[in-house]
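Participant: Before we start, here is the structure in question, set down as structure tokens.
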Protein chains: 2
Amino acid sequence: MREPQQDRSRATRQRLLEAAVESLAEVGYAATTVAVVAARAGVSRGAAQHHFPTRADLFAAAVEYMTEVRLAEIRAQAGRLPSGPGRTEAIVGMLAEVYTGPLFRAALHLWVAASTEDGLREQIVRLEAHVGRQAHRALLDVLDVSERTPGVRETVQGVLDMARGLGLAGLLSDDSARRRGIVRQWSRILDRELLSGPVGG
Amino acid sequence: MREPQQDRSRATRQRLLEAAVESLAEVGYAATTVAVVAARAGVSRGAAQHHFPTRADLFAAAVEYMTEVRLAEIRAQAGRLPSGPGRTEAIVGMLAEVYTGPLFRAALHLWVAASTEDGLREQIVRLEAHVGRQAHRALLDVLDVSERTPGVRETVQGVLDMARGLGLAGLLSDDSARRRGIVRQWSRILDRELLSGPVGG
């Protein structure tokens, strides 16, 4: 008879984590208190505090959860990519979508908050290193290139930074038309770079 | 006899704007109150409120000031760029420096705060559009390319987004070694792209 209770507890925890990410993305770090997240999740404050005694605990877990969701999204989308011409543009477009979605927005709020809050900084630095490595590997995989080829590592990392910059550019206003043009052009550049071997070597 | 007083008033205003940018970069948006900025500038709170009656006034002026400082920095550095080989890397390196400095950090705090504060959003959207256009034009100028060539506009905008992403990546930890590698590689890509004409026909 313990199973259903464990399931309920897991479902409550999951709702709290989702609510924390949603709240961060929508109202930012300062306004995302445990009470706000509990209300959003439809959970009593007592139950929320049972799962996450402090706000730092809640964010640490939400950060873990965000990582898993982001990586699962990337893996799921990667399997549905077309082959042949248009594949690179689909990949770069997918990347731009991940970095303009609510998870990046939530992460951005934590990122900026962490720059002035020492208690948060260490966790977020660790998260971003982890996510950065995973995104880098996933991108090498779907592009089917090896970073043993000189320059490929830095080319691909620059594309990830570009996606991060596009995420920032889309934070306050609709940047989708400009973004589409950049995704198309840089996909062509990437095709040419990755097919033509090391640059300047 | 009015001149010295006007000078003093201008100097006080300037100190307040510099202090606002420094404070934003160091302690973030929430902690940057008018009182904090006045103390940092060594100005009485009354004098600060004479110049900037509200916090919104202070940020609006600081945002203007940041724009001017950023653009003056770019123009000053552009005049000292080398010619011939290495010029593109010097340009992209300069860009990465601008986007990892305290002005970008201050702007980033305002940017993220503006995403959840309607009163700030409009001003920051206008600022970023203005700065983005100016940075785009400055980059076309120093690279000596025209956006009438198909693809050049999107290539150059992607580099600006990449620089923005580098700024974000350097917010919480020292990212300079990784950044140098990306700057070098993307400069080579840029040289090849801009010399070889439109990509993909």
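Rundown of residues vs (1) over 30 Å from residue B:189 (Cα atoms); (2) of a type in the set (Asp, Glu), yes/no style:
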| position | (1), (2) |
| --- | --- |
| B:22 | yes, yes |
| B:29 | yes, no |
| B:54 | yes, no |
| B:58 | yes, no |
| B:91 | no, no |
| B:99 | no, no |
| B:102 | no, no |
| B:109 | yes, no |
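Participant: Determine, yes or no, whether residue A:54 is within 14 Å of chain B (Cβ to nearest Cβ) and open to solvent by 40 Å² or more (accessible area, probe 1.4 Å).
Facilitator: For residue A:54, the condition - within 14 Å of chain B (Cβ to nearest Cβ) and open to solvent by 40 Å² or more (accessible area, probe 1.4 Å) - is not met.
Participant: While we're looking at this one, here's another question. Please go through region B:19-40 and give me each residue that is part of a helix (DSSP H, G or I) and buried (at least 20 other Cβ atoms within 10 Å of the Cβ), ordered by number.
Facilitator: B:19, B:20, B:21, B:23, B:24, B:25, B:34, B:37, B:38
Participant: Only one of these conditions is not met by residue A:185: (1) facing another protein chain (nearest Cβ under 9 Å); (2) closer than 26 Å to residue A:111 by Cα. Which number is it?
Facilitator: That leaves (2) as the condition not met.
Participant: Additional query: Between residues in region B:131-158 that are touching a residue at least 24 places away in the same chain (Cβ under 8 Å) and residues that are among the aromatic types (Phe, Trp, Tyr), which pairs lie under 8 Å by C-beta distance while being six or more apart or on different chains?
Facilitator: Pairs that qualify, where the first residue is touching a residue at least 24 places away in the same chain (Cβ under 8 Å) and the partner is among the aromatic types (Phe, Trp, Tyr), are B:155/A:186.
Participant: Turning to a different aspect of this structure: Among the residues of region B:174-194, which ones are in a loop (DSSP other than H, G, I, E, B) and open to solvent by less than 60 Å² (accessible area, probe 1.4 Å)?
Facilitator: Residue satisfying the conditions is B:175 alone.
Participant: Could you tell me which of the residues A:116, A:155 is of a type in the set (Val, Ile, Thr) and closer than 23 Å to residue B:120 by Cβ?
Facilitator: A:116
Participant: Go through region A:57-80 and give me each residue that's within 18 Å of residue A:142 (Cα to Cα) and surrounded by fewer than 15 Cβ atoms within 10 Å (Cβ to Cβ).
Facilitator: A:72, A:75, A:76, A:79, A:80
Participant: Mind checking which residues of region A:89-102 are in contact with a helix residue (DSSP H, G or I) (Cβ under 6 Å, 6 or more places away or on another chain) and without any contact (Cβ under 8 Å) to a residue 60 or more places away in the chain?
Facilitator: A:94, the sole residue that qualifies.
Participant: Working carefully through the options B:133, B:121, B:126, B:148, find the one that is over 16 Å from residue A:164 (Cα atoms) and facing chain A (nearest Cβ under 7 Å).
Facilitator: B:121
Participant: With respect to the numbered conditions (1) more than 11 Å from every other protein chain (Cβ to nearest Cβ); (2) assigned to a helix (DSSP H, G or I); (3) surrounded by 16 or more Cβ atoms within 10 Å (Cβ to Cβ), which one is the sole condition not fulfilled by residue B:100?
Facilitator: Answer for residue B:100: the failing condition is (2).
Participant: Can residue B:10 be described as more than 21 Å from the chain's Cα centre (by Cα), exposed (fewer than 13 other Cβ atoms within 10 Å of the Cβ) and assigned to a helix (DSSP H, G or I)?
Facilitator: yes
Participant: Need the failing condition index for residue A:44 against (1) open to solvent by less than 60 Å² (accessible area, probe 1.4 Å); (2) without any contact (Cβ under 8 Å) to a residue 40 or more places away in the chain, just the number.
Facilitator: (1)
Participant: Related question: Looking at region B:53-88, which of its residues are in contact (Cβ under 8 Å) with a residue 24 or more places away in the chain, of a type in the set (A, V, I, L, M, F, W, C) and more than 13 Å from residue B:19 (Cα to Cα)?
Facilitator: Correct list: B:56, B:60, B:69, B:71, B:74, B:78, B:81.
Participant: Could you run through region A:117-152 and say how many residues are over 25 Å from residue B:26 (Cα atoms), open to solvent by less than 20 Å² (accessible area, probe 1.4 Å) and modelled with pLDDT under 85?
Facilitator: 1
Participant: Would you say residue B:88 is modelled with pLDDT of 85 or more and buried (at least 19 other Cβ atoms within 10 Å of the Cβ)?
Facilitator: Considered against the rule, which asks whether it is modelled with pLDDT of 85 or more and buried (at least 19 other Cβ atoms within 10 Å of the Cβ), residue B:88 comes out as yes.
The values are calculated or read from the model by the stated rules, or taken from the named source; none is laboratory data. Keep in mind it's a predicted model, so treat the numbers as computed, not measured. All Cβ positions, even for glycine, are placed from backbone atoms using ideal geometry, and neighbour counts span all protein chains on display. Protein only, heavy atoms only, side chains kept; ligands, DNA and RNA dropped before computing areas. Shrake-Rupley method; radii C 1.70, N 1.55, O 1.52, S 1.80 Å.
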